[in-house]
Each structure stands twice: as structure tokens, then as C-alpha cells.
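Read the structure below first, then the notes.
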Amino acid sequence: MRIFIYSLKILIVVCALLWMTGQSCKQPNADKEGTDSLAIRESITSSPVISPTEAINKMHLEDGFAVQLVAAEPLITAPVAMTFDKEGRIWVLQMNDYMPDTLGTGEDKPSGKVVILSDKNGDGLMDERKIFLDSLILPRAICLIENGILVAEPPKLWYYKIENDKPAKKTLVDASYAEGGNVEHQPNGLIRALDNWIYSAKSAKRYRKKGDKWLIERTHFRGQWGISQDDYGRLFYNNNSENLLGDEFTPGLGATNANQKRVSGFNKKIVNDNKVYPARPTTGVNRGYMKGVLDDSLRLVDFTAACGPVIYNGNLFDKEYYGNAFVAEPSANLVKRNIVTSKGYVVEGRQAYSEKEFLASEDERFRPVSLYNGPDGALYVVDLYRGIIQHKTYLTPYLKNEIKERELTKPLNCGRIYKIVPAKKNLDQVRIPTDTSDLLTLLKHPNGWIRNEAQQLLVDGKYTFAAPTLRSYLKQPDEPLQLIHSLWIMEGLGVLQLNDVLPLLTADQWPIRMQALSVVPSIISRKNYQQLLPVLQQMINGNDTLAAPYIAFLLNSFRAMNAAAANDLLLTLTKQYGSNVYVADAIISNLQNKEAVFYKQALKINPDTSIALNKRLKKVIADIAAAKNNSNAKKLEKEFPKGAAIFQSVCQNCHGKDGNGIASLAPPLNNSEWVKGDKNRLIPIVLYGLTGPVKVDGKLYKAPEINGDMPGVFENKEFSDADLAQLLNLIRNSWNNKGEKITEEDIKNTRNKHKGRMNPFNAEELQNLK
């Protein structure tokens, strides 16, 4: 009887919501097995904790593969990230304090840990645990480097020296690594890339250890949770509603003009298809009550929590899986497989299957949050194994009710790591050698994890005496991956010379030319730049279309040595490639605060204002002018301190610090008629959210260009009506905006006017409000 009453109650709630939006209250159509939605809900009234063995049995996996347990509670709890060391041990980051209940009670308790897991008997199952670090508050990323480990504990990034598996000297790397934002929108990932820099998701910074000092540089803003790289060091990531995003160029290029909002070839949608195919009803998603979020069988339709992507480059799977992108979706309890291909510098992808997944579980508590390549060639899955996966900042009343009715809050002491392997292959335990000659041999190993580890150990060990062997590898184009790793190892050791690189610029294989161009900024100097200029000019004259954007990117490195020569090459590229959007944006990346002058020069070469370079230059110049109008920012922060704090923690994650929006996430607040216009339309957006396409300043924004839904905060007890009034007054008077004041009373009146509403507004509904 309790089950029936619960189901009926949910049905009534859904019908009420449909009535408010003017939709039919008719029951959904039967699901694929002919069962109606009421019966479906009765089948998922509880989601009990089950053993790892039972959990594996509930996984639907592609034929020919098997899931094996690597670790589980009590050995680990609440894992969110991991990494392997050279001994094959797993370092796991535990976020034990994440969402203890729907209010987030106790999230600020120091219960997070970094633990080391070991497999003592070699059976593939971890059986020993050491606590390396304890008493951390919501830690979110780790990275082993040299004889220490980076640990991100918001807002700081720390480096701990490791001595006998214990933390020794502690160094502050970045006091504002994760400043602002919230648990779902703070930097993470810390991937040590091919170019020897460490990159993060949800961040525009990169890091590098140089002796005892840490370098911090600006890079492109990327992703939300999780980050990976391919064999050429190109980075891949996503946000919660996008399957796969990524870079078409190597990551160190093109982030040198702070006035440029977007650079073609970075933050590109690699896979446009965001459909998912769960193995079970997934009513426990944040906006499951909204039309189109769930299908007739009450399964999620599109990604809502995409995260933890990895480019598989192991040697255990068949060759057709090499270079595939696997993406986790914890809200839908699945792991998706995408096929990624490259043609020149253009990278594209598609889902591997039609209406099915690589792995999909019937266990609601299966929460894959991060995916990794392993030393053994397996694909590793970090399973948070929790009922609650949504952070309190955006938790809707609908999902709170789902959590309560199905008792998803407890327990909090679970967590698993699995690995996916071919069913009929034996796995060998991998140990990385310490001998230098053996490490050098591993640079052409078919397993990408092993190649990357060998590179890192050679760089960390400062094995400069290996330079002659590495230099000999540069002359072996028939082993391109060995050559590419050798190039970057020499860069990391500081022994790479221009003469090593020049022959590679004329290599027949594009990937080799790509890496040679990418490494130029690391070795260019006043002593050698004159040798390189004629080679670049020759490449342009030879119509090397693949190299053209790379040449444009790296010319910024020449400016300090010979600005005139750099500008001449930029003008040559303008004449030859002015209609190519990739080259155009690469040219503009050199021009910080020189855009207007160069625009005049470009118009003399080609007065057609519709070509890519001229259009994009004009847009950047307009953005610069608009930014100057935000001189009152500090004054507004003092006037509306609570509003500024909310903007920093919630709004700027998607709309940008400058209010100009972020690609794939959200439209601009700057110059938005919704922000500076009628307050009776703005307040409902913030309280209840906005769904669907929306036109801002004459441009229509819709998915997948942006996330199709903005969540509301009307149920968030952290923000009082006075706080929200401050937020709205802040954004209504920032940048180019100017709007009448909004009061605490205005917020209360709006709540009363729309009392009982749970679903977000759409643009048409807002236009009809008075």
C-alpha cells in the first residue's frame, strides 16, 4: 500500500506541474516493455546498497568485455579521483564530506583523505590501504610529480613532498586555485600533459614545477569535471550537459590575448550527440519533472551530469577502441563510448552505438565520476557509490522528494573502483623499471599510460645524460610516438635545441610537424630566432595549410625579439589565410591591445569586412570597448557584498566573470534585455530558472550552443531574499547594464505570485508576465 500511495503522490505532483505549464496531464505512453509509468515507479521505490558482486551483475556491458572489482568499501569510501604510481599502486582521493544529506550538513567537516591502495598478492584486487593525508575539506584533485604530490583542497593547491609514503614538506602552489564557485564548479583534474605542463578542468591556469619553484600561466578555460589527453597532447573535457568537448590544437597555444573571448579550435564540441540510454528508470535527476528530460519509460534522454572523460590509449582492447573517448554519466548510471577521428587538425567524434551504451547499470547507486587508463591497459572506473549526486546549490524540490522517498541519503561509507577488460584476455601486473635504458625503451610501448609514465619519470629524474639517445629517436620518423615523447622529454630536461627541431618542421607526417611547431615557444631565443623565421616563411609560401594556424599561434613568441618581423609574417598569413577562421583567431591571439592598429592594416590587404579575420577583429575591438564600461565593478562589490559573493560562487561559473557568457554553458548577462529590463521577468528567472532557447541582444541562444536549462534557487536556504536582491542589483548595474533597483520586497512578492511553482520558465512565458 505504501508503494502505491507513493506512486500516486508522484503522479499527482507531475500532473500539477503539467497543468501549470499548460501541458496535458495524460499518463505517458507505455515504455519499451509495455509497462506504464505508474508500474515503472512502483518498480523503483527503493534503491538498496548492494555488494560489488551484485553491482557487477546488474551492469549491461558491451559483448566481449568484463567488469572486475579493484577496490571497495571499507578499503575506500567516496572516491572521486585516482592516479597510479610507478609501482602500480593506486592513490585515491576521497571526498567523504560531499553532500551528507540534501542540506549538505557537515560538508565543511575535515573528513576527506588521500589513501594509497596496494595489491599485495597480485590478484588484481587491492588488499592494503595506507592513509597518506587526512582531515581534508572537499579535496578534488591529485597529481604525482617528482617526489611529491599535488593536492587540490579549495581554495588552495598544495604540493607535499613524499617520504616513506608520508607527507613531508608542504608548499603552497596557488592560494586561489579553486577560488569562488562551488563543489560542482571548481577546478579539478590536474592532468600532467605531453607538454610537461599540468592542466585542470574548470580552470584557465596551468602549472609547472621548475626546481623548487612553481610556474603559473594563463591558458584556455576548459570543461567542468575531468580532463584527458590523446597521443598528441590535445586535451578533452566536457560540461554536465555536453558529451565531449576538446581542443584541436596543442594546449600551450593561443591563450595569449586576454581580450579574445574564444579561439577557434579550443573548447570545440567534438561529439554533438548528447543522447543517453540508461538501463533503468532514472527519475532521480534534478529536473526529472520537466517535459523532455525523461522519456516515456522514465529514463534520462540527454546528458545532465557528463564528467570524467578519458581517451583510451591502452593496448588491451582491440585496435578499434584505441583513441575512443569514454564519458561517465553518474545520474544515468552509465559509461558512454564515442569514436573520435582526426583529419589534419580537425577533430570530430560520434557515439559508438545507436541507442545503447558501452556500460549501463540497473543499480541507481552506481555513480561513475572519473575514468582512467591503467598500466595494464584496462579502463578504470571510479564509482562514488552514493544516493545523492546533485549538490545542494542546485537541488530541486522534486529531487529532494525522490531522495527522501527512496531513502537515498544513507549510507555514506561506500565507494568502488572497477576495471573493464576484454573477457578472454589475461592481465599482467605491471611494474615500471627504474633503469634509464629500460625507460627509454618504453617510449614506443603500445600502452599510452606506460609511454606517458616513462616520459614523466625521465623528466622527473632529470636524466639529462639520456639526451644522445633521445636525440637519435628524433631521427626515426617510422616510430612517431617514440619521437614525439622524446621531443617533449628533451624539452622537459632543458636540453632541446633549435637544430633538433628544424628538421622536424619539414617532416612528411603531420603529427610530427605539429609537435615541432608546438615546442618552438619553449626554445626560441634572441640567439636563434633568425634561423627559424625563413623556415616559417617557407612553410607559408609552400601553402602548408595544416601548419598555418600553428605558425600564427607561435609568432607571439617572436614579438619580444623582433616585433616587426613577427608582424610581417602575421600580415602574410592575413593575405593568404584571412578567410580561414582557425588562422584568423590564431592571428588575433598575438594582438593583445594592438587589435585596432592591425585591423587597419588588415583592411588594406583585404577591405572585405565579411571575411573571417576582419569580422573577428571587429568583434574583439567591440568587446574591448564594452569592457571599459565596467569601471564601477569595485564600487558595486562594496555596495552589494552578498550579491558579489553569490555571483562569484554560482553565476560566473557559467556566465563568465565579465558577464559575456561562456561557450557551451550560458548566454551573456552583459547587455542582456532580460537582466536590465523588466524586473518582473528577471526575478522569476533567478528564482525558478529558465529553460529552452532565449534571445539575448539580438542573438538566439539554444542547446547545444549553451546548456538548455538554467536552474533556479528558490529552494536554496543559503540565499535570503535580501541576498538575491543584492545579486540582481549587482548584475543589473555591471558592465553595460543599467536597471532600476530591486528590493527584498520585490523578491517576496514574486515568490507569492508564483507560489507552488517548481518548473522553470521559458522565454515565451516570461514575455507574457506583467
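Residues in region 556-600 that are more than 18 Å from Phe266 (Cα to Cα), among the hydrophobic types (A, V, I, L, M, F, W, C) and touching a Lys or Arg at 6+ places or on another chain (Cβ under 8 Å): Met561, Ala566.
Yes or no: Ala204 open to solvent by 30 Å² or more (accessible area, probe 1.4 Å) and in contact (Cβ under 8 Å) with a residue 40 or more places away in the chain?
Details: open to solvent by 30 Å² or more (accessible area, probe 1.4 Å): yes; in contact (Cβ under 8 Å) with a residue 40 or more places away in the chain: yes.
Criteria met by Ala204.
Considering region 498-550, and only residues there that are of a type in the set (Asp, Glu) and under 34 Å from the mean Cα position of the chain (by Cα), the residue that is most open to solvent (accessible area, probe 1.4 Å) turns out to be Asp508. Output yes when any residue across region 305-315 is assigned to a loop (DSSP other than H, G, I, E, B), touching a Pro at 6+ places or on another chain (Cβ under 6 Å) and open to solvent by 10 Å² or more (accessible area, probe 1.4 Å), and no when none is. Yes: one or more hits. Sort out which residues of region 151-178 are free of Cβ contacts under 8 Å to residues at least 40 places away in the same chain and part of a loop (DSSP other than H, G, I, E, B), and write them in order of number. Across region 151-178, the qualifying residues are Pro154, Pro155, Asn164, Ala175, Ser176, Tyr177, Ala178.
So, in region 411-448, exactly how many residues are small (Gly, Ala, Ser), surrounded by fewer than 20 Cβ atoms within 10 Å (Cβ to Cβ) and assigned to a loop (DSSP other than H, G, I, E, B)?
1
The sole residue among Gly656, Gly643 that is at positive phi and either open to solvent by less than 30 Å² (accessible area, probe 1.4 Å) or at pLDDT 90 or above (or both) is Gly656. Here is the figure for region 748-770: residues that are farther than 21 Å from Tyr289 by Cα, modelled with pLDDT of 90 or more and open to solvent by less than 50 Å² (accessible area, probe 1.4 Å) total 1. Restricting attention to region 720-747 and to residues that are among the hydrophobic types (A, V, I, L, M, F, W, C) and outside any helix (DSSP H, G or I), the residue that is surrounded by the most Cβ atoms within 10 Å (Cβ to Cβ) turns out to be Trp735.
For region 595-602, the criterion of being part of a helix (DSSP H, G or I), open to solvent by less than 20 Å² (accessible area, probe 1.4 Å) and of a type in the set (Phe, Trp, Tyr) is met by at least one residue.
Answer yes if at least one residue in region 748-759 is more than 27 Å from Ala627 (Cβ to Cβ), outside any loop (DSSP other than H, G, I, E, B), among the hydrophobic types (A, V, I, L, M, F, W, C) and in contact (Cβ under 8 Å) with a residue 24 or more places away in the chain, and no otherwise.
no
Being loosely packed, with under 15 Cβ neighbours inside 10 Å and closer than 30 Å to Ile149 by Cα is true for just one of Pro79, Pro74, Pro48. Which residue is that? Only one candidate qualifies: Pro74. Scan region 659-699 for residues that are crowded, with 21+ Cβ neighbours inside 10 Å, of a type in the set (A, V, I, L, M, F, W, C), out of contact with any Asp or Glu (no Cβ under 7 Å at 6 or more places or on another chain) and in a helix (DSSP H, G or I) and the total you get is 4.
If only residues of region 285-304 that are hydrophobic (A, V, I, L, M, F, W, C) and outside any loop (DSSP other than H, G, I, E, B) are counted, the one that is nearest to Gly223 (Cα to Cα) is Leu300. Taking the numbered list (1) surrounded by fewer than 22 Cβ atoms within 10 Å (Cβ to Cβ); (2) more than 27 Å from the chain's Cα centre (by Cα) in turn, Asp623 passes all entries but (2).
Within region 132-164, work out how many residues are on the phi > 0 side of the Ramachandran plot and open to solvent by 30 Å² or more (accessible area, probe 1.4 Å).
Counting residues in region 132-164 that are on the phi > 0 side of the Ramachandran plot and open to solvent by 30 Å² or more (accessible area, probe 1.4 Å) gives 3.
The values are calculated or read from the model by the stated rules, or taken from the named source; none is laboratory data. Note that the structure is predicted; figures quoted are calculated from it, not measured. In this analysis, Cβ positions are derived from the backbone assuming ideal geometry, glycine residues included, and neighbour counts consider all displayed protein chains. Note: areas computed on protein heavy atoms with side chains; ligands, DNA, RNA excluded. Shrake-Rupley method; radii C 1.70, N 1.55, O 1.52, S 1.80 Å.
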